[in-house]
1. Filter the helices (runs of 4 or more DSSP H) completely within segment 45-84 down to those with at least 2 residues that are farther than 23 Å from residue 97 by Cα.
2. How many residues, within segment 36-46, are in contact with a helix residue (DSSP H, G or I) (Cβ under 6 Å, 6 or more places away or on another chain) and either under 29 Å from residue 94 (Cβ atoms) or surrounded by fewer than 17 Cβ atoms within 10 Å (Cβ to Cβ) (or both)?
3. Test residue 7 against the stated conditions and say whether it is out of contact with any strand residue (DSSP E or B) (no Cβ under 7 Å at 6 or more places or on another chain) and under 22 Å from residue 173 (Cα atoms).
4. Which ones in segment 107-126 are in a helix (DSSP H, G or I) and either on the phi > 0 side of the Ramachandran plot or touching a residue at least 40 places away in the same chain (Cβ under 8 Å) (or both)?
5. Would you say residue 53 is more than 20 Å from residue 208 (Cα to Cα) and touching a residue at least 60 places away in the same chain (Cβ under 8 Å)?
6. Show me the helices (runs of 4 or more DSSP H) entirely contained within segment 154-241 in which 1 or more residues are free of Cβ contacts under 8 Å to residues at least 24 places away in the same chain, crowded, with 16+ Cβ neighbours inside 10 Å and in contact with a helix residue (DSSP H, G or I) (Cβ under 7 Å, 6 or more places away or on another chain).
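What follows is calculated from the coordinates using simple rules that are stated; it is not laboratory data. Keep in mind it's a predicted model, so treat the numbers as computed, not measured. Positions of Cβ are generated from backbone atoms using ideal geometry, with glycine treated the same way; all protein chains shown enter the neighbour counts.
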């Protein structure tokens with residue numbers, strides 16, 4: 001029997017289909033982390049209803065969270081006006097985010113629409129998380145490298161409890177070399193778990209409304225400490241290796 005879509009773009013899945021998707025996307029994401037389709041599928045297929053309902057409850061209990069759910073903003077290059085962000089002072093959230101996008105050569109328009117989550121409002125919550133992911137990178141100054149992604153996923157897991165972020169935190173380091181593992185386990189996981197647990201819920205931050213805020217003051221307000229510069233640590237390690 002065909003299942004009826006519950007919102008525009010929705011692809012309803014039977015329980016067996018969802019289970020198979022979890023397995024196939026888990027294997028695919030581990031062996032081919034560069035393939036975003038596996039990451040997307042794993043994220044949505046493991047975004048279990050009780051987890052999303054708990055996140056919704058957290059948003060409903062917060063003034064800003066309620067506003068976000070009511071207004072349902074989307075993060076795109078046009079909604080943010082990237083040219084405006086480019087010309088903001090360098091110490092602002094907006095300019096920090098813009099410079100991060102430029103450095104990493106990514107765009108907010110590349111985030112795929114959610115389609116495998118079975119309730120419209122819960123689908124929006126996951127979409128919101130997905131579109132805010134780059135802000136999490138930008139405020140932490142972490143690049144789109146395997147180490148940077150693992151670190152941000154650990155931060156998000158500690159803060160939001162999304163299962164697929166937890167899977168990435170647990171299994172993705174197996175693909176790292178010894179030096180990378182040492183950095184992750186000794187520097188970035190302690191940072192991610194400490195800050196993720198203690199900072200404000202990332203879903204209750206209306207990033208679009210605070211683009212002109214001073215980035216350092218904002219981090220203090222959110223209780224987020226910036227981790228050591230990952231790119232700099234990698235450069236120093238390369239210099240050290242060459243000198244041996």
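1. 49-60, 63-71
2. 2
3. Against the criterion (out of contact with any strand residue (DSSP E or B) (no Cβ under 7 Å at 6 or more places or on another chain) and under 22 Å from residue 173 (Cα atoms)), residue 7 does not qualify.
4. If the condition is that a residue be in a helix (DSSP H, G or I) and either on the phi > 0 side of the Ramachandran plot or touching a residue at least 40 places away in the same chain (Cβ under 8 Å) (or both), then 120, 121, 122, 123, 124, 125, 126 are the ones that fit.
5. Criteria met by residue 53.
6. Answer list for segment 154-241: 163-171.
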